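What follows is calculated from the coordinates using simple rules that are stated; it is not laboratory data. Nothing here was measured: the structure is a model prediction, and the numbers come from that model. When we count neighbours, we look across all protein chains shown, and the Cβ atoms used for this are built from the backbone with ideal geometry, even at glycine.
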Amino acid sequence: MTVETVSTAPIEGQKPGTSGLRKKTAVFMQPGYLENYVQAVIEGVGGVKGRTIVVGGDGRYFNDKAIGIILRILAANGAERAIVGQNGMLSTPAASNIIRKRKTFGGIVLSASHNPGGEDGDFGLKFNISNGGPAPEAITDAIFASTKSLNEYRILKDAAPSLAALGETRLGGMIVEIIDPVADYVILMETIVDFDRIRKLFESGFTLRFDAMHAITGPYAKAIIEGILGAPAGTVVNATPLPDFGGHHPDPNPVHAAELFRLMFSSDAPDMGAASDGDGDRNIVLGRGISVSPSDSLAVLAANIHHAKGYRSGLKGIARSMPTSRAADRVAEKLKVDLFETPTGWKFFGNLLDAGRVTICGEESAGTGSDHVREKDGLWAILLWLDIVAARGQSIADIVAEHWRTYGRDFYTRHDYEGISTASGDQLMADLRGALETLPGRSFAGLKVASADDFAYEDPTDGSVTRHQGVRVLFANDARAVFRLSGTGTEGATLRVYLETFEPDPSRHDQDPQDVLADVIAAADAIAGIRERTGRTAPDVIT
Ligand code: G6P
Ligand code: ZN
């Protein structure tokens, strides 16, 4: 074995964002780019000597080559063992599970989640710590600091082993253990939901369309839904992971999963529709003629979680990201458990889960998860929905309607303005922040502002404070508009505007959120001057 120490210089812009480092694939493929960053990660986490690291990704273009390089760097830095998904594949929640189950030091997860893949697409790298969750800011800050002072990286000259054959091989002084990416995940799911009950549901003729979007959940969903749960072949579509996701964005929203949405609103709709994203952590659930908003999904799952065997001991608390609707708050209040409002980004849930303060967490960005891992988990959410449908013997539409009757409905929508210039995005947010104090008492599009602030979060477990997490405007009628810039893009800026209003009256629940929210949408535009500043007349994506 020969360790090569390569002189290098810091590369600008290797700053981890909401979910690790995300860049264009071509940027990651520049000579030394990945090598520098991986070495910086190693320094930032305090070294890997004698440690075990899980490595896997969503199979997007460059996944396998990147893993080869990463393994050579880990070995050169003295890691004892790397646990790698076969062919380099591990869904993000499955990686989290392996880190926890095997009690490893951490893991390197390769993905740009729901962003497109391929040579012209996006790539990403995220470090997860020993609890299985994304590294908290203290660590990502240390990684970023390392990227700025790095002057060499260490890499093994030896070629990395093939990732195809299960079992152990050696790479220098490090053991490379190739594992079945699906097996441990299946074992975990079996402890949470009742496979027999769901199997009976399918036996009774229940129909599902699961769209894996040519991404990582294909093999997991095939094995569990069609294999173990006995759903007919063809239930899981687009099940083969492709390096470019078939040229699509693997994002389960109405734009990128348009075919699934169309089907679910047609006369041929199955009982349930579902999809996950590139790396398997997001989910969307649809019933016949209804798409369950992620915010509602969190609330319904929390209210029904006692049906699932994994949660019989009850719910400790619920956490949601700030822009997620307040539907979950109403469930928490009724169940008399704590509700935590955190900044956007799954990493903020980690401490609450570790401290046993919450059982379930969710985000408006199609993410739901629980204390079973430390990532959101797309397939888990879909299996939990199936288990609840099986337990209650009702359709998804009926379960949601009943939920709204009990708790009221939080009408919700998110409007995204994609690819605006970074300068105009920053300016818009800066001006909003500058105007915060002047907003209360003023009216916009007929709605009076009750309060406005820039969201800051104090983590109740360690007291750390995170500021500037988005501007919240609360109106006198309790409607809300939230503004923030996306932290996951790789080009320009994306403005996200989150809009919601509460309706307790069941006779008014069956309306289109865009209609119900028309005044909140107009008020948000008037407050932030979105059309004027972006030159856009309509959002690019509405979820
Ligand atoms: C990723 C994170 C989520 C987060 C989302 C927000 O998917 O894992 O936790 O909610 O990004 O993305 P944004 O583009 O709004 O920053
Ligand atoms: Zn994802």
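If you rank THR217, THR501, THR422 by fewest surrounding Cβ atoms within 10 Å, what's the result?
Values: THR217 35, THR501 22, THR422 12.
By the 10 Å Cβ count, ascending, the order reads THR422, THR501, THR217.
Once you have a ≥ b ≥ c as the square roots of the Cα gyration tensor eigenvalues for region 66-177, tell me rounded if a/c is under 1.5, and otherwise prolate or oblate according to whether a/b is larger than b/c.
Details: a/c = 1.25, a/b = 1.12, b/c = 1.12.
Verdict is rounded for region 66-177.
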Legend entry - Placed amide H near ASP158: partners under 5 Å, 5+ positions off or other chain: THR2
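Could you work out the helix-only [θ] at 222 nm for the chain, with each DSSP H run of four or more residues adding -39,500 (n - 2.57) and the total divided by the number of residues, to the nearest 500 deg cm²/dmol?
Calculated mean residue ellipticity at 222 nm is -9000 deg cm²/dmol.
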Legend entry - Pairs from LYS336/LYS376; LYS23/LYS126; LYS126/LYS157; LYS65/LYS148; LYS222/LYS376 whose Cα-Cα separation, in the structure shown, is over 22 Å: LYS336/LYS376; LYS126/LYS157; LYS65/LYS148
Legend entry - In sequence order, calculated HN-Hα J values of region 187-202 (Karplus, 6.51, -1.76, 1.60; Hz; x Gly/Pro): 4, 5, 4, 5, 7, 9, 10, 8, 4, 5, 5, 6, 4, 5, 4, 5
Inset, instruction - Would you mind ranking SER113, SER395 by Cβ crowding within 10 Å, fewest neighbours first? - result: SER395, SER113
Inset, instruction - Using the number of other C-beta atoms within 10 angstrom as an exposure proxy, rank PHE28, PHE144 with the fewest first. - result: PHE144, PHE28
Inset, instruction - Quick one: angle between helix 378-392 and the longest Cα principal axis of the chain, in degrees between 0 and 90, rounded to 10, please. - result: 50 degrees
Legend entry - By average C-beta atoms within 10 angstrom, highest first, the peptides 262-269, 193-200, 4-11: 193-200, 262-269, 4-11
Inset, instruction - Work out the length of the dipole vector of the chain about its Cα centre, built from +1 on the beta-carbon of each Lys and Arg and -1 on the beta-carbon of each Asp and Glu, and round it to the nearest 20 debye. - result: 900 debye
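With the Cα gyration tensor of the chain giving a ≥ b ≥ c as the square roots of its eigenvalues, does the rule (a/c under 1.5 for rounded; else a/b larger than b/c for prolate; else oblate) give rounded, prolate or oblate?
Working: a/c = 1.78, a/b = 1.26, b/c = 1.42.
Oblate is the answer for the chain, as a/c is 1.5 or above yet b/c matches or exceeds a/b.
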Inset, instruction - Based on the mean of other Cβ atoms within 10 Å per residue, sort peptides 523-529, 371-377 so the most packed one is first. - result: 371-377, 523-529
Legend entry - Among 516-522, 79-85, the order from most to least packed when residues are scored by Cβ within 10 Å on average: 79-85, 516-522
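Pairs of Cα atoms under 8 Å, at least six residues apart: use those to get the relative contact order of the chain, whole percent. Present the calculation step by step, with values, prior to reporting the outcome.
On the way: 1266 pairs, mean separation 71.2, N = 543.
About 13 percent, as a whole number.
Going by the alpha-carbon gyration tensor, a ≥ b ≥ c the square roots of its eigenvalues, is region 1-64 rounded (a/c under 1.5) or, if a/c is not under 1.5, prolate (a/b greater than b/c) versus oblate?
rounded
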